[in-house]
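The values are calculated or read from the model by the stated rules, or taken from the named source; none is laboratory data. As the structure is a prediction and not an experimental result, all values here were calculated from the model. A quick note on method: Cβ atoms are made from the backbone with ideal geometry, for glycine too, and the neighbour counts reach across all protein chains shown.
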Amino acid sequence: AVGRPLAGRHVVVTSGPTREAIDPVRYISNHSSGKQGHAIARAAAAAGARVTLVTGPVALADPVGVATVHVESARDMLAAVEAALPADVAVFAAAVADWRVAEIAGGKLKKGAGGPPSLSFVENPDILATVAKKTAGRPGLVVGFAAETEAVVDNARAKLARKGCDLIVANDVSSGTDTFGGDMNRVHIVDAAGVETWERQSKDAVAEALVSLLARRIAS
Ligand code: C5P
């Protein structure tokens, strides 16, 4: 229907940071606010979709009318995404920690004679690549994000191929852009056909424009 171009569709969105435990009281994370991912979930719901939002810890309220699943670690996020499938569209806006601590200490690490602890890391699963490379049950449209500080479009093109997704939303997060935590975003939409650069606009406006684009793509 007009105005509800995603009616009858299921959209899965990831948002926010992940949190990787060091010990029972400490963790490693990043500055993702979840604003862009949550805005996409809201815009998809407004376009008529059934939306599952899988989010790491954020200071934002759960969007109204969206099934929101709260997770902490990257591994939890992957499990929640797998549980939410099948979907028509999947948008991976979360800033997933690339690494987790190899062995989470069972008790709080203590200061003392041994000096500071050394942490060793192992790679987290890549949620976007895992879903984009599925041979059975792959969503019709898989969208990734790229937070880059340099060669934004070239890096996004490489990422599109490496991850196996259909579209990359590349944003420039170099210092001064205020993308992390801010309300504004300037993005480049990169796909196999080329690049489109959108004017700097609010994250809500980016979300609405992205959802219209996805609705047009999924319909054709
Ligand atoms: O490789 P990079 O982290 O720059 O890729 C960013 C894109 O991949 C984002 O869409 C992000 O949500 C997704 N991603 C993921 N799982 C990871 C790392 C990144 O889904 N472990």
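At a glance:
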read-out: Test result for Val91, within 10 Å of the ligand (Cβ to nearest atom), in a helix (DSSP H, G or I) and surrounded by 16 or more Cβ atoms within 10 Å (Cβ to Cβ); value: no
read-out: Residue in region 196-217 that is nearest to Gly181 (Cα to Cα), counting only those that are hydroxyl-bearing (Ser, Thr, Tyr) and in a strand (DSSP E or B); value: Ser202
read-out: Residue identified as of a type in the set (A, V, I, L, M), free of Cβ contacts under 8 Å to residues at least 24 places away in the same chain, in a helix (DSSP H, G or I) and surrounded by fewer than 15 Cβ atoms within 10 Å (Cβ to Cβ) among Ala79, Ala83; value: Ala83
read-out: Close pairs from region 139-154: first under 19 Å from Ala207 (Cα atoms) and touching a residue at least 24 places away in the same chain (Cβ under 8 Å), partner of a type in the set (Phe, Trp, Tyr) and within 9 Å of the ligand (Cβ to nearest atom), Cβ under 7 Å, at least 6 apart; value: Val143/Phe92; Gly144/Phe92; Phe145/Phe92
read-out: Test: residue in region 92-113 that is more than 19 Å from Arg26 (Cα to Cα), out of contact with any strand residue (DSSP E or B) (no Cβ under 9 Å at 6 or more places or on another chain) and without any contact (Cβ under 8 Å) to a residue 40 or more places away in the chain; value: yes
read-out: Filter result for Lys110 (basic (Lys, Arg), out of contact with any helix residue (DSSP H, G or I) (no Cβ under 9 Å at 6 or more places or on another chain) and away from the ligand (no atom under 16 Å from the Cβ)); value: yes
read-out: Candidate set: region 145-168, residues that are closer than 25 Å to Thr135 by Cβ and either part of a strand (DSSP E or B) or among the acidic types (Asp, Glu) (or both); chosen: the one farthest from the ligand (Cβ to nearest atom); value: Asp166
read-out: Cβ pairs under 9 Å, 6+ apart, first in region 36-50 and on the phi > 0 side of the Ramachandran plot, second surrounded by fewer than 24 Cβ atoms within 10 Å (Cβ to Cβ) and in a loop (DSSP other than H, G, I, E, B); value: Gly48/Ala1; Gly48/Gly3; Gly48/Arg4; Gly48/Pro5; Gly48/Ala7; Gly48/Gly8; Gly48/Arg9
read-out: Subset of region 203-220 [surrounded by fewer than 15 Cβ atoms within 10 Å (Cβ to Cβ) and either touching a helix residue (DSSP H, G or I) at 6+ places or on another chain (Cβ under 9 Å) or modelled with pLDDT of 95 or more (or both)]; value: Ser212, Arg216
read-out: Condition met for Ile127 (of a type in the set (Val, Ile, Thr) and within 17 Å of the chain's Cα centre (by Cα)); value: yes
read-out: From Val122, Val152, residue being in contact with a His (Cβ under 9 Å, 6 or more places away or on another chain) and either modelled with pLDDT under 95 or surrounded by fewer than 14 Cβ atoms within 10 Å (Cβ to Cβ) (or both); value: Val152
read-out: Hits in region 59-84 - residues which are among the aliphatic types (A, V, I, L, M) and in contact with a strand residue (DSSP E or B) (Cβ under 7 Å, 6 or more places away or on another chain); value: Val66, Ala67, Val69, Val71, Ala74, Met77, Ala80, Val81, Ala84
